Amino acid sequence: MIIPLLLVCFLHFTSCQERNQTNNHSLSAVLSIGPKKNSSRVIHVFVALCDNANQGIVKVPSAIGNGQDPSNNLYWGAAYGVKSYFKKQTDWQYIKGWKLNDTILERCVLKHKRTNAYLIADAYDGRYIKQSTINFLQSCAGRFGAAVVVNNDSVYGGGNADLIAFVGHDGLMDFKIAQQFVKANDKKRESIILACISKNYFAPHLKPTGVKPLIWSTGLMSPEAYTLKAALDGWLNKETDEEIRTRVANAYHQYQKCGVKAAKNLLVTGW
C-alpha cells in the first residue's frame, strides 16, 4: 500500500484546511506525580488507526481503512502495521495483546530479546485520533500514565516511557488542540512522530514538553512500521541521533525507492 498511502497524504494536505474535526470523547489519563522506575527501557507507541469515515483522508480500500477493526487496519494489522510487522521480527518477543477499552481497541506488549526493553503499543479507534494525539503529547510531558504487568514485573509507559512514538495520520492538519503540554518532571524522554509533515505541525505542542525529537518528518510520508523498527534498532543500540537518522533513511528508501538523500531530507532529527 505504499503508493496509495503517499497519495492519501498528498490529496489530504490539499484539502485539510476545509475540514475541522472535533472530538469530545475523553479518555481518563493518569497524572504522573513523579516518574515511575522501570527495570528496563520502555517504548510506548500510540497508533491512530486509519479511518476512512472519521479522518480527513482520501479513502483507502475499505478492508484496511476501517478504524474500528484493528486486526486488518493499515497501521496495525496489515503487513506493515505496527502489530503485524513487529510480531514477525525475530529480535522481538510478542508477549500478549488485549482490548483495553472502547477507545484503545488493542494494546500489545513485546520484549526485545537482546536488551530486555519493552514495547507497549496502543491501537486507538480511528474516530478518536484527536485523543490519541493528546495522550501522546501528554506522555511526552510526563503527564499520562500507563502500566502493564509482565511476569510479575510492572512496566510503566506513557510519561514514564523513555521513548514515545506516534504513528498514523497527522490529525493536526484537521483539528486544533488548545491545551498546553508542559513537562511535569525532569525525566529525559525522546519522541518519534511518523506522520505527514509532523515537524511543522507538532513542534509548537512538543516544545514545552521538554522531550527530545529523535525522528520526525518534514514532508509527506508513509508511516509504516519498517521505519519505526529501524529507529528502534538504532536507539536500542545507543547509536547517535545522526546514525539513527541514517538507519531510518536507509530503511525508508529500501521500501519507498525514493533515494537515501531524499529520505534523509524527509526524516530528520532534533529541532
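Answer yes or no: is there a residue in the stretch 231-249 that is over 28 Å from residue 40 (Cα atoms), out of contact with any strand residue (DSSP E or B) (no Cβ under 6 Å at 6 or more places or on another chain) and not in a loop (DSSP other than H, G, I, E, B). Within the stretch 231-249 (the criterion being over 28 Å from residue 40 (Cα atoms), out of contact with any strand residue (DSSP E or B) (no Cβ under 6 Å at 6 or more places or on another chain) and not in a loop (DSSP other than H, G, I, E, B)), the answer is no, since none of the residues qualifies.
A residue that is farther than 20 Å from residue 76 by Cα, in contact with a Leu (Cβ under 6 Å, 6 or more places away or on another chain) and of a type in the set (D, E, K, R) cannot be found anywhere in the stretch 167-187.
With respect to being surrounded by 15 or more Cβ atoms within 10 Å (Cβ to Cβ) and in a strand (DSSP E or B), residue 206 falls outside the description.
Is it the case that some residue within the stretch 76-91 is at pLDDT 95 or above, assigned to a strand (DSSP E or B) and out of contact with any helix residue (DSSP H, G or I) (no Cβ under 7 Å at 6 or more places or on another chain)? Among the residues of the stretch 76-91, not one is at pLDDT 95 or above, assigned to a strand (DSSP E or B) and out of contact with any helix residue (DSSP H, G or I) (no Cβ under 7 Å at 6 or more places or on another chain), which makes the answer no. Applying a threshold of 6 Å to beta carbon distances and a minimum spacing of six or more residues, or different chains, the list of pairs starting in the stretch 117-138 at a residue that is farther than 14 Å from residue 169 by Cβ and aromatic (Phe, Trp, Tyr) and ending at one that is part of a strand (DSSP E or B) and modelled with pLDDT of 95 or more reads 118/42; 118/111; 118/155. For residue 142, the conditions (1) surrounded by fewer than 24 Cβ atoms within 10 Å (Cβ to Cβ); (2) farther than 28 Å from residue 67 by Cβ all hold with the exception of (1). I'd like to know if the stretch 160-174 contains one or more residues that are more than 21 Å from residue 231 (Cα to Cα), in a loop (DSSP other than H, G, I, E, B) and among the polar types (S, T, N, Q). No, the stretch 160-174 has no match at all. Within the stretch 209-230, the residues that satisfy the criterion of being in a loop (DSSP other than H, G, I, E, B) and either without any contact (Cβ under 8 Å) to a residue 60 or more places away in the chain or under 19 Å from residue 83 (Cβ atoms) (or both) are 218, 219, 222, 223, 224. Per the listing 146, 121, 117, the residue uniquely of a type in the set (A, V, I, L, M, F, W, C) and in contact with a Ser or Thr (Cβ under 7 Å, 6 or more places away or on another chain) is 117. Looking at 95, 2, 57, 43, can you tell me which residue is modelled with pLDDT of 95 or more, of a type in the set (A, V, I, L, M) and in contact with a helix residue (DSSP H, G or I) (Cβ under 9 Å, 6 or more places away or on another chain)? Answer to the selection: 43. Being among the aromatic types (Phe, Trp, Tyr), farther than 24 Å from residue 124 by Cα and either modelled with pLDDT of 95 or more or buried (at least 19 other Cβ atoms within 10 Å of the Cβ) (or both) is a property that does not hold for residue 226.
The values are calculated or read from the model by the stated rules, or taken from the named source; none is laboratory data. Computed from a prediction, not measured in an experiment: that's the story for all the values here. Because the Cβ atoms are built from the backbone with ideal geometry, glycine has one as well, and the counts that use them run over all protein chains shown.
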